[in-house]
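Before any comments, here is the structure.
Please treat every number below as a calculation from the coordinates, not as lab data. Since the model is a prediction, treat every value here as computed from it, not as a measurement. Heads up, the Cβs are rebuilt from the backbone with ideal geometry, glycines too, and the neighbour counts pull from every protein chain shown.
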Amino acid sequence: STSQASEPHYTITTDATYAPFTFQDKNNNYVGIEQDMMQAIAKREGFTYTMKPMSFNSAAQLVSNGQADGIIAGMSITPERKEVYDFATPYYKTGVAWIVKNNSTIKQLADLKGKTVALKTGTAASEYGKSLQSKYGFNVKYFNDTDTMYNDVAVGNSAATFEDMPVIQYAIKNGMKLKIMNADNPGNAGWYGFAVQKGKNKALLAAFNKGFAAIKADGTYNKITAKYLGASQ
Ligand code: GLN
């Protein structure tokens, strides 16, 4: 009977380990650019949601099969995904990095011949890595989450990995002993977008776009990115 009771409620999925976009803080709360964005947008636009952190692959599937309403998970807007999802206004520019351990002797992609490359199931970076596999002759091993994948490279099990530039940059800044090989030349540049199942949840998509435009215009979005990336971003 109150206006609050009639606020729409949605289920949103996210990638549990994708700092600085979504990750757990010391107290196990989910934080990050995406979490702050969703909170600010929902508050402005008058909707509530349950956030469900999981693997990226599951997060994407739950939305494509209609078990969740939306996904905010560092999800790259790609032509293939546009067949399955409707994307909101892009919020963050990215590109694919290839990454080795700090003290690795690997100098170029050709040095990966016969070696193992760690990839994350269902991601744009893994598609990019796969596309180079036959040319450079490496083997691939799949992981469900970025932290475990990084660790496999850091301990020397896998020789390299592919991951989105802002995510690996943040990890290195926070002590991960890995090195980016193509910092000036990211592969497959693109943008992240909030997404819903194609043709569904039009009200949620519209509310997200309206709220996002507002938090960009009033400086809230800049404050959020500065909080996680520093003022220079
Ligand atoms: N940006 C990549 C993709 O969309 C990775 C997303 C992720 O791992 N959360 O596939």
(message) I want to check the label-to-label distance for K115 and E127. Put each point 7 Å from Cα in the C-beta direction and report it in nm to one decimal.
(response) 2.6 nm
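Quick one: net charge of F138's neighbours, Cβ under 12 Å, K/R +1, D/E -1? It would help to have the intermediate numbers written out before the result.
Values: positive: K113, K115, K130, K135, K141; negative: D111.
Summing Lys/Arg as +1 and Asp/Glu as -1 gives +4.
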(request) Indicate the gyration tensor shape class of the stretch 94-189 (rounded, prolate or oblate), computed on the Cα atoms with a ≥ b ≥ c the square roots of the eigenvalues: a/c under 1.5 is rounded; otherwise a/b larger than b/c is prolate and the rest oblate. (result) rounded
(message) If I build a Gaussian network model for the chain, linking alpha-carbon pairs within less than 10 angstrom, which residue out of P79, P90, P186 has the largest mean-square fluctuation?
(response) P79
(request) Calculate one ³J(HN,Hα) per residue across the stretch 114-124 by plugging θ = phi - 60° into the Karplus curve 6.51 cos²θ - 1.76 cosθ + 1.60, and present them in order as whole Hz with x for glycine and proline. (result) x, 8, 9, 10, 8, 10, 9, 3, x, 9, 5
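With a sphere of radius 9 Å drawn around the Cβ of I99, what net charge do the other residues whose Cβ falls strictly inside it have (Lys, Arg +1; Asp, Glu -1)?
Details: positive: K101, K179; negative: E163.
Net charge around I99: +1.
If R0 is 22 Å, what FRET efficiency do you get for E80 and D147 from their C-beta distance, rounded to 0.05?
Numbers: r = 26 Å, r/R0 = 1.18.
Calculated value: 0.25.
Going highest first, how would you order 23-32, 144-153 by mean Cβ packing within 10 Å? Don't skip to the end; give the middle numbers.
Values: 23-32: 13.3, 144-153: 19.9.
Peptide ranking by packing, descending: 144-153, 23-32.
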(request) Putting +1 on Lys and Arg Cβ atoms and -1 on Asp and Glu Cβ atoms, find which of Y30, A110, N201 reaches farthest to the positive end of the dipole of the chain. (result) A110
(message) How high is the relative contact order of the chain? Use alpha-carbon pairs under 8 Å, at least six apart in sequence, and give a whole percent.
(response) 28 percent
(message) Could you check the spin-label model distance between N188 and R44? Points 7 Å from the Cα along Cα→Cβ, value in nm.
(response) 3.0 nm
(message) 5 Å is the cut-off here: which amide hydrogens, built 1.01 Å from N in the peptide plane, fall below it relative to N188, excluding neighbours closer than 5 in sequence?
(response) V96
(request) Take every Cα pair under 8 Å in the stretch 94-189 that's 6+ residues apart, average their separations, divide by the length, and report that relative contact order as a whole percent. (result) 47 percent
